[in-house]
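Step one of this worksheet: look at the structure below.
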Amino acid sequence: MRGKGGFNNQIMDSAPIVRCSGVGKRFGNGPPVLEGIELAAQPGDFISLIGPSGCGKSTLLRLIAGLTPVTGGRILPEARRAREGVFVVFQDANLLPWRRVAANVELPLMLRGDPPASRRERVREMLGLVGLAEAARKFPWQLSGGMKMRVSIARALSVQPRLLLLDEPFGALDEMTRDRLNEDLLAIRARDPFTAFFVTHSVAEAVFLSNRVVVLSANPGRIAREITVPFSYPRPPELRETPEFLALLAETSHALRSVLPR
Amino acid sequence: MKRPTISSWLLPAIAGAVLVAAWYLLKAAGGIPSYVLPSPGEILAAAWHERRTLLASILVTGRGAVLGFVLAVGGGFLLSLVMAFSFRLKRSLYPYILMLQMTPVIILAPIFVLWLGQGLPAIVAVTFMICFFPVVANTTMGFLSVDRGWREVFTICRASRWQEIRYLRVPAAMPYFLTGMKIAGTLAPIGAITGDFLAGTQQNGVGGIGFMTIAYFSQLKIPALFATGLTACLLGFLFVGGVSLLHWLILHRWHESVAGKE
């Protein structure tokens, strides 16, 4: 179904997709933002990072992406410029306003030199996957915030990344749109599997999406706790109303509250 | 494009009528002779009488303006591109570009005549000098103020330097480049007329607009002298209209300044 390095093969070998060992980060001579981060993503993981503002969770994502260098420890595999096979969905959709929706999704495929015919096919497939087949010829300014984010996700998945990093992708959206996009994200993942790190401020979002929730404390950012989410995929929207889900939500909220600065 | 409303033509028409009436009133009340201040009617009559000469002068000056403008826009774009990618080069060159801009063309023109002789090349050189800086200043700014989020998308895609220029920097700089071009477009006719005034020649009694200004003045054809002013306005409007059309053509699909206002 998929080429080499496919999702199912990745599950077979248990080598982590990315491993952070003793990772630290400080900017210039400032205080450390992150310290002693030990974290490995296994193939198929959906790891949410939550924590108080300024705990460095977005910074951790940028380190993993290779957008900024670590100042302590290592992240494997090494990155020369940006880490290969890793794609980021930013908080802003960051669509290029002069390119139509289809051309935005096509951008990463074009930049890596895929032939035009296979690009077109893949773009069509991705836009179908995020439910935007109709919007292919539109320009970004003609889309709502939620639609822009879908395009951004389609663009990220077009290259079938080994690892997808999502930095508060739905933070600017209203709750209904956010819930809907969460469900869609899991549906997309069921069809086109990827391993993910997901930064969010929303505990409910983290629990609903992930199999692992990592709670960071601030000043400097460290891993305070990791919570395993036992629910199997696919997860129906009604999962949110079950007592088990609510109990886990309470536990996670409690863990988050315990690391908040007084 | 915006739909014209009644006030969009009626208000300027009323203002024009008031001005013309004031003009006649001033001339009659002050008893000002036509060789000092011709009436609007006399100017229009002179413009009609001299129409062949004046239209020919538009062509002569227009040619110098277009050539100087095109060279300045093309050269300015290339220089900005180079400067945007070499900080050292920008540092080295910018003070001298600024110096050239500070030197009045009135001083440069005789030097151009010395080097290039009277006629078109010197006129083009003067126009080039006056148009070059706004293009360089704006376009350089455009290349350097590319959104960080967009740049990171290209980093994540591991785009080459050339790809980043071709698919990101150049389109992102377009609005700035076109702004520079608009300013240059208003200056080009002025530059060409100035050049013509200082370095213009004639063939069969017909020269550029600047040349005709001198000719009419020395012949004391004062209403015709005023009519050259009208001619210069006409050339300016043609130029600015052309550049605005270009701006619209390139940006109307996506840029905030023009998109979505149809």
Exercise. Around residue A:73, which amide H atoms from residues at least 5 apart in sequence, or from another chain, sit under 5 Å from its own amide H, with H modelled in the peptide plane?
Worked result: A:24
Exercise. Once you wrap a convex hull around the alpha carbon atoms of chain A, what is its projected area averaged over all directions, in nm²?
Worked result: 14.6 nm²
Problem set entry | Where labels lie 7 Å past Cα in the beta-carbon direction, separation of residue B:6 and residue A:120 in nm | 5.3 nm
Exercise. How many lysine pairs in the protein assembly as shown, separated by 8 or more positions in sequence or lying on different chains, have Cα atoms less than 29 Å apart?
Worked result: 13
Exercise. With the calculation restricted to Cα positions, what are the radius of gyration and Dmax of the protein assembly as shown in angstrom?
Worked result: 32.4, 102
For this session: Rounded to the nearest 0.05, what FRET efficiency do residue B:116 and residue A:27 give with R0 = 45 Å and r taken as the Cβ-Cβ distance? Could you check?
Result: 0.20
Exercise. What is the log10 of I(q)/I(0) for the range B:38-251, computed with the Debye formula using one identical point scatterer on each Cα and no solvent, at q = 0.09, 0.12, 0.13 Å⁻¹?
Worked result: -0.44, -0.69, -0.77
For this session: Sort A:21, A:217 so that the residue with the fewest other Cβ atoms within 10 Å of its own Cβ comes first and the one with the most comes last.
Result: A:21, A:217
Seminar exercise, completed: For the residue B:21, residue B:257 Cβ pair and Förster radius 45 Å, calculated FRET efficiency rounded to 0.05 is 0.75
Problem set entry | Dimensions (Å) - the range B:176-225, Cα atoms, principal axes, largest first | 45, 22, 15
Exercise. Which angle between 0 and 90 degrees, to the nearest 10, do you get for helix B:120-144 versus the longest principal axis of chain B when only C-alpha atoms count?
Worked result: 40 degrees
Seminar exercise, completed: Counting only DSSP loop positions in the range A:29-92, the GluC sites (Glu not before Pro) whose Cβ has at most 10 other Cβ atoms within 10 Å are A:78
Problem set entry | Degrees between helix B:222-251 axis and first principal axis of chain B (Cα, 0 to 90, nearest 10) | 20 degrees
For this session: With 5 Å bins from zero, work out the P(r) of the range A:17-147 over every alpha carbon pair and list the percent per bin.
Result: 2, 9, 15, 17, 15, 14, 13, 10, 5, 1, 0
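Which of the chymotrypsin sites (Phe, Trp or Tyr not before Pro) found in the range B:204-235 are loop residues per DSSP with 11 or fewer other Cβ atoms within 10 Å of their Cβ?
In loop regions of the range B:204-235 (DSSP not H, G, I, E or B), there are no sparsely surrounded chymotrypsin sites (Phe, Trp or Tyr not before Pro).
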Exercise. For the modelled label position 7 Å from the Cα of residue B:248 along Cα-to-Cβ, which residues of the range B:169-211 have backbone nitrogen atoms closer than 20 Å?
Worked result: B:174-187
Exercise. Net charge near residue A:116, counting Lys/Arg +1 and Asp/Glu -1 over other residues with Cβ under 12 Å of its Cβ?
Worked result: 0
Exercise. Can you give the net charge of the other residues whose Cβ lies under 14 Å from the Cβ of residue A:175, counting K and R as +1 and D and E as -1?
Worked result: -1
Exercise. Relative to the present Cα-Cα distance, how much length would full extension add between residue B:186 and residue B:204 at 0.36 nm per residue of separation?
Worked result: 3.5 nm
For this session: Taking 7 Å along the Cα-to-C-beta vector as the label spot, tell me the residue B:85-residue A:258 distance in nanometres, rounded to one decimal.
Result: 5.5 nm
For this session: Mind giving me the nanometre distance, one decimal, between the label points for residue B:101 and residue A:172, set 7 Å out from Cα along Cα→Cβ?
Result: 3.2 nm
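None of the figures in this text is laboratory data; all of them are computed from the coordinates on show. The structure displayed is predicted, hence computed values, not measured ones. When we count neighbours, we look across all protein chains shown, and the Cβ atoms used for this are built from the backbone with ideal geometry, even at glycine.
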